[in-house]
Amino acid sequence: MRKILCLTLIVITTLGHCGCSNFLYVVRAANYGEYGVILKQMDTTMSYSRIHPGIPGVRDDIAVMNRFVGYAKTLPDKVEIEWQLAELSDCKRIIKHKSFVHKTKDEKIYTRKAGCTWSPLENKVYRKVIDLTEVRQSEDAKMASKTIRIGSKRSLSIFFVFRDDDLTLSFDSRRTNAFK
């Protein structure tokens, strides 16, 4: 009985110190504008150079950018993002639909395009500095990495949405599943 108790304490101690308390977050991006988006600067560990226009609520239209470079366990104070719009032509697939996000009053018809020819627009280059202070101080960030139950934790999801010359940021905390 004593051996089982000692093994149980070792396992619990190991789980408590295995790095499980690391700050978990993921950066995502989507394009809900009319043009293609060419990312010229967005310092994330997983880079996409182009983001096709998509439809809100369609999972495949969201690019997972992973984390900010040099910030594996925390967030930078601010990030600078530069993007250029591109005219898309000769698309192999075009789908038009309203948002798939539940309980939204968004009546706009979005256009999802894929397999297109990209023509960068020289006069449509934009740059924006995003202050992440609000994100860092939020309850969602404080919840990141907290264990909900064995194998499941909270992760901060930071979401950049491009709408042509506009860029917005939203964030929330989500549950992760270590067994997937």
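Values quoted throughout were computed directly from the atomic coordinates according to the rules given, and no laboratory measurement underlies them. It should be emphasised that the depicted structure is a prediction, and the values quoted were computed from it without experimental measurement. For neighbour counting, all protein chains shown are included, and Cβ atoms are generated from backbone atoms with ideal geometry for every residue, glycine included.
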| task | Rounded to whole Hz and in sequence order, give me ³J(HN,Hα) for region 92-105 from the Karplus expression 6.51 cos²θ - 1.76 cosθ + 1.60, θ = phi - 60°, writing x for Gly and Pro. | result | 7, 9, 9, 10, 10, 6, 6, 4, 9, 6, 5, 6, 10, 9
| said: Report, in listed order, any pair from 105/128; 40/73; 92/142 with a Cα-Cα distance greater than 32 Å. | reply: 92/142
| request: May I ask you to evaluate 6.51 cos²θ - 1.76 cosθ + 1.60, the Karplus curve with θ = phi - 60°, for each residue of region 109-121 and list the ³J(HN,Hα) values in order in whole Hz, giving x for glycine and proline? | output: 9, 9, 10, 9, 10, 8, x, 9, 8, 9, 10, x, 9
| note | For region 71-111 the GluC sites (Glu not before Pro) that pass both the DSSP coil test and the at-most-16 other-Cβ-within-10 Å test are 107
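Does region 15-144 classify as rounded, prolate or oblate by the C-alpha gyration tensor (a ≥ b ≥ c root eigenvalues; a/c under 1.5 gives rounded; else a/b over b/c gives prolate, otherwise oblate)? Could the numbers behind the result be given before it?
Numbers: a/c = 2.21, a/b = 1.62, b/c = 1.36.
In terms of gyration-tensor shape, prolate.
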| said: Residue by residue through region 32-40, what is 3J(HN,Hα) from phi via Karplus (6.51 cos²θ - 1.76 cosθ + 1.60, θ = phi - 60°)? Round to whole Hz and write x for glycine and proline. | reply: 10, x, 8, 9, x, 10, 9, 7, 8
| So who's got an amide H within less than 5 Å of the one on residue 50, skipping anything under 5 residues away but keeping other chains? H placed 1.01 Å off N, in plane. | 39
| Potential lengthening between residue 50 and residue 102 on full extension [0.36 nm per residue; Cα-Cα distance subtracted] | 16.0 nm
| field | Among 38-48, 95-105, the order from most to least packed when residues are scored by Cβ within 10 Å on average | value | 38-48, 95-105
| task | Would you mind calculating the gained length between residue 89 and residue 121 on full extension (0.36 nm times residue separation, minus the Cα-Cα distance), in nm to one decimal? | result | 10.2 nm
| Which far-off residues, 5 or more places away or on another chain, put their amide H under 5 Å from the one on residue 164, with H placed in the peptide plane? | 32, 33, 34, 35
| query | Under a 5 Å amide H to amide H cut-off, with H placed in plane at 1.01 Å, what residues pair with residue 25 once short-range neighbours are removed? | reply | 156
| Does region 76-122 come out rounded, prolate or oblate by the C-alpha gyration tensor, with a ≥ b ≥ c the root eigenvalues, rounded set by a/c under 1.5 and, if not, prolate when a/b is larger than b/c and oblate if not? | oblate
